[in-house]
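Following: one structure in structure tokens, then a few remarks.
Each reported figure results from applying straightforward, stated rules to the coordinates on display, with no laboratory input. None of these values were measured; they are calculated from a predicted model. Quick reminder, even Gly has a Cβ in these numbers, built from the backbone with ideal geometry, and neighbours come from all protein chains shown.
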Amino acid sequence: MIERYDVLLRNGTVVDPASGLHEIRDIALRDGKVAEVAPTIAGEARREHDLAGLVVMPGIVDMHVHLSPFLGGGCGHRMLARAGVTTALDMAGPIEGVVDLTARHGCGLSIACVNYLRPEHTIASADPGRDDIDDALTHALSQGAIGLKLLGGHYPLTADATAHAIEAAAGQGAYLAFHAGTQSAGSNIEGMREACELSAGHPLHLAHINSYCRGQIRDAVSEGEEALALLAAHPHIRSESYLAPFNGVSGECVDGVPGSRLAAFGLERGGYPATSEGMAEAILAGWALVNLEREGVVDLVGGPEGLAAWRACGSNIGISFRANPPEPRLRLVTATRGDGRYAVDALATDGGGIPRNDIVARGLALVHLDALSLEGFVRKASLHPARILGLHDKGHLGIGADADITVLDLERRRPVLTYAHGQRLLDGDDVVGSGGRLITTPMGEAAVRAAGLDTLVIQPGTMLKSPQ
Ligand SMILES: [Zn+2]
């Protein structure tokens, strides 16, 4: 009897570090799962792809993206799909907006979300009490988020409230991500040092390590080395870094000044006053680039077009500065410890609706330079982030794993085909996937289902474990 599959991926070079595989293999997909991996698979499928000359890896998991309504979330799904990503963690929320945009604009990806603690949005003040934090966490989980995000660099809380939030999430086994910075330390290497202390041994995802190494306190290279030493000394902290030169902040000005501290810093660094007039000048000169939606994606735009867009939104639009010096970016992605494990767990982008979805484009550039092995790339772009999110059926291509696949053209440094849960998302240059699946906890299942989305349920307490 002839075996029948949904999809057959033939002749690709399969790179799956979890099983030690780096060989030409056929892979068969059925019912959303990997059904067979073998040198040759005799069988039939509704769809076959000949992937000779291409690399087949478990689907890319970007553990730091933005799919919020205020950060290009409607476009972000398409931008992620184009970039070869199959699973992503939204790092702001609000969860209701992320769920709504996934239902309306989803391209078939699996999405998780951590909901921000932002004064006057999800909590009353910058110094909320423990009860306020517990209420915000319960609300986030009940709406489908997997935990909380502390936006310290943008909207810092007091150090006490920050520590309480980390403790509260740990108490419920929820995810806790932190963009370092409080009212007592900036979003820089000092803030990172403080974040390590405030975590007090509790599980924590410390976001975009490269962003604390911009030369704000000392030179960027020695800040990068201190960041590596801090991670080595705090092995309970999970981490990612990204490779793009651009940051992403809110361009919103209230009462004539930027609401975000990082926006103010970006202006001052370029020699512009930290005022709304300074912001307008910086956009016109191309120092500040507006995250502008056009033709279904977000681009970075300065000059008169960027300025007009910023004004048309009443200043409430994303802005990017060329804030990240190259040396720490490269060092943090490639650094290993004495035992060969990666110092920073994952390669992420801080992309999604912010146009820097470059895991493949920039990550494979490091593979070309021999700075990262292909196995190392797959570990950092898929296996480790999947494990950190508690997604044990993702990040590898064992039999029974989720049928999440990214196919790479190494020469062009581009994804050319992706599948997620057996559904084709990207084929050539075309995004063909639709819908979405929200990664949630049992507490959020009902709300997500009510919004018309499929769920992938993970258990509290299974996230933020060491992936290596
Ligand atoms: Zn971010």
inquiry  = Based only on other Cβ atoms within 10 Å, what is the fewest-to-most ordering of H384, H392?
reply    = H392, H384
ask   = Given H placed 1.01 Å from N in the peptide plane, which residues other than close sequence neighbours of Y175 have an amide H under 5 Å from its amide H?
value = G147, L148
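Taking loop as defined by DSSP and a crowding limit of 16 other beta carbons within 10 Å, which trypsin sites (Lys or Arg not before Pro) in segment 173-239 fit? Working shown, then result.
Numbers: sites: R193, R214, R218, R238; in loops: R214, R218.
Taking segment 173-239 and a limit of 16 other Cβ atoms within 10 Å, the loop trypsin sites (Lys or Arg not before Pro) found are R218.
Quote to one decimal, in nm, the extra length available between E167 and A308 on full extension: 0.36 nm per residue of separation minus the C-alpha distance between them. Show your work: numbers first, answer last.
Details: separation 141, 0.36 × 141 = 50.76 nm, distance 4.39 nm.
The E167-A308 span can extend by a further 46.4 nm.
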Rounded FRET efficiency, nearest 0.05, which uses the C-beta distance separating Q459 from R337 and R0 of 30 Å = 0.55
query = Using the C-alpha gyration tensor of segment 246-316, what are the square roots of 5 times its eigenvalues, in whole angstrom, with the largest one first?
reply = 18, 12, 11
message = As an exercise, identify the GluC sites (Glu not before Pro) in segment 1-102 lying in DSSP coil whose Cβ has no more than 16 other Cβ atoms within 10 Å.
response = E3
remark   = Between the Cα axis of helix 95-105 and the main Cα principal axis of the chain, the angle (0 to 90°, nearest 10) is 50 degrees
inquiry  = Please compute the length gained on full extension between R218 and S466, using 0.36 nm multiplied by the number of residues separating them and subtracting their Cα-Cα distance.
reply    = 86.3 nm
key: Under-5 Å amide H pairs with C253, H placed in peptide plane, nonlocal only   = G259
query = Here are some pairs, K33/K465; K149/K394; K149/K465; which of them have Cα atoms lying more than 21 Å apart in this structure?
reply = K33/K465; K149/K394
message = Based only on other Cβ atoms within 10 Å, what is the fewest-to-most ordering of C213, C313, C196, C253?
response = C313, C196, C253, C213
ask   = Sequence-distant or interchain residues sharing an amide H contact under 5 Å with G106, placed H: which?
value = G435
remark   = Rounded to whole angstrom, the alpha-carbon centroid of segment 408-436 lies from that of segment 1-69 at a distance of 12 Å
task = Between A42 and E277, with labels modelled 7 Å along Cα→Cβ, what's the label distance in nm to one decimal, could you check?
result = 8.1 nm
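Sort the following peptides by mean Cβ neighbour count (other Cβ atoms within 10 Å, averaged over residues), highest first: 4-13, 340-349. If you can, show how the numbers build up before the last one.
On the way: 4-13: 19.9, 340-349: 23.4.
In descending order of packing, they fall as 340-349, 4-13.
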ask   = If you line up the long axis of helix 189-199 against the longest principal axis of the chain, both from Cα atoms, how many degrees apart are they, to the nearest 10?
value = 70 degrees
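Given axes a ≥ b ≥ c from the Cα gyration tensor, I'd like to know whether segment 334-468 is rounded (a/c under 1.5), prolate (a/b larger than b/c) or oblate.
On the way: a/c = 2.01, a/b = 1.28, b/c = 1.57.
Oblate, because a/c is 1.5 or more while a/b does not exceed b/c.
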note = Under the helix-only model (-39500 (n - 2.57) for each DSSP H run of 4 or more, divided by the residues of the chain), the mean residue ellipticity at 222 nm, to 500 deg cm²/dmol, is -8500 deg cm²/dmol
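What is the calculated FRET efficiency for H392 to L284, with r their C-beta to C-beta distance and R₀ = 51 Å, to the nearest 0.05? Write out the running numbers ahead of the final one.
Working: r = 50 Å, r/R0 = 0.98.
Once the sixth-power term is evaluated, E becomes 0.55.
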task = Sort K33, K149 so the one with the fewest other Cβ atoms within 10 Å of its own Cβ comes first.
result = K33, K149
